[in-house]
Amino acid sequence: MRLFTFAAALRRDSLNRKLVRLAATAAERAGVTVDLADFREFDMPLYDGDLEASAGSPAGAQKLRERFLAADAFLIASPEYNFSIPGTLKNALDWVSRTNPIAWRGKPGLLLSASPSLVGGNRGLWCVRVPLEATGAHVYPDMFSLAAADKAFDAAGALVDPKMAARLDKTVAAFVATARALAKAAAAG
Ligand SMILES: Cc1cc2nc3c(=O)[nH]c(=O)nc-3n(C[C@H](O)[C@H](O)[C@H](O)COP(=O)(O)O)c2cc1C
């Protein structure tokens, strides 16, 4: 099974980028082939219907779509901005959703977040679910939110708290098992 994953953050020292690296490693341990992308690869303008009509989908959106299409499942780590989805991620999902078939339709996805706050960005993930579910993704019911994330990683990028590290592994492994079951059911028709 192939998993496409990225942190929806552009910042070099992004906490979500650190978290997604750990989740990618956990997915590999669960036997998955991981495609870990950098969100900067998918640079694109703000959605504009006139631009779409004159020039079609921008290159960054097409690239993002292809990466989703090549995968059986996806995993997104997203910051929480003002209790919600970052505009950059929503814009990217909006552009990609304009090309049929929608690249994540029917695919299982796991959502993660990291924030310096005590809620760990979890409120934002409820908003990330909406456009994905509205366009046919099977967003996994459990989510993983890392609170106090500015103090959660050691210098090597590992989680300081072994209980939290075990919980991340368990969440990713359970998601992978569900994604595999869905893929098997879909293959059986
Ligand atoms: C515009 C903006 C809004 C934010 N709103 C929230 C918020 O609602 N809740 C929260 O926990 N953190 C909020 N933050 C802080 C982010 O969680 C913090 O900057 C985090 O490090 C961003 O993720 P990153 O490290 O992956 O870039 C906000 C940050 C920005 C720039």
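Scanning segment 119-127 turns up one or more residues that are within 16 Å of the ligand (Cβ to nearest atom), assigned to a loop (DSSP other than H, G, I, E, B), more than 18 Å from Arg29 (Cβ to Cβ) and open to solvent by 20 Å² or more (accessible area, probe 1.4 Å).
Of all the residues in segment 96-118, those that are of a type in the set (Gly, Ala, Ser), assigned to a loop (DSSP other than H, G, I, E, B) and closer than 19 Å to Leu46 by Cα number 0. Yes or no: Leu93 at pLDDT 95 or above, in contact with a Leu (Cβ under 8 Å, 6 or more places away or on another chain) and not in a loop (DSSP other than H, G, I, E, B)? Answer is yes for this residue. Kindly indicate whether Ala188 is among the hydrophobic types (A, V, I, L, M, F, W, C) and surrounded by fewer than 15 Cβ atoms within 10 Å (Cβ to Cβ). Judged against the criteria, Ala188 is a match.
Here's the yes/no breakdown for (1) more than 14 Å from the chain's Cα centre (by Cα); (2) among the acidic types (Asp, Glu); (3) in a helix (DSSP H, G or I); (4) within 10 Å of the ligand (Cβ to nearest atom):
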position: Phe6; (1), (2), (3), (4): no, no, no, no
position: Arg11; (1), (2), (3), (4): yes, no, no, yes
position: Val20; (1), (2), (3), (4): no, no, yes, yes
position: Glu28; (1), (2), (3), (4): yes, yes, yes, no
position: Ala37; (1), (2), (3), (4): no, no, no, no
position: Asp50; (1), (2), (3), (4): yes, yes, yes, no
position: Phe68; (1), (2), (3), (4): no, no, yes, no
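The values are calculated or read from the model by the stated rules, or taken from the named source; none is laboratory data. Quick caveat: nothing in here was measured; it's all calculated off a predicted structure. In this analysis, Cβ positions are derived from the backbone assuming ideal geometry, glycine residues included, and neighbour counts consider all displayed protein chains. In case anyone asks, the SASA skips ligands and DNA or RNA and just uses the protein heavy atoms, side chains included. Shrake-Rupley method; radii C 1.70, N 1.55, O 1.52, S 1.80 Å.
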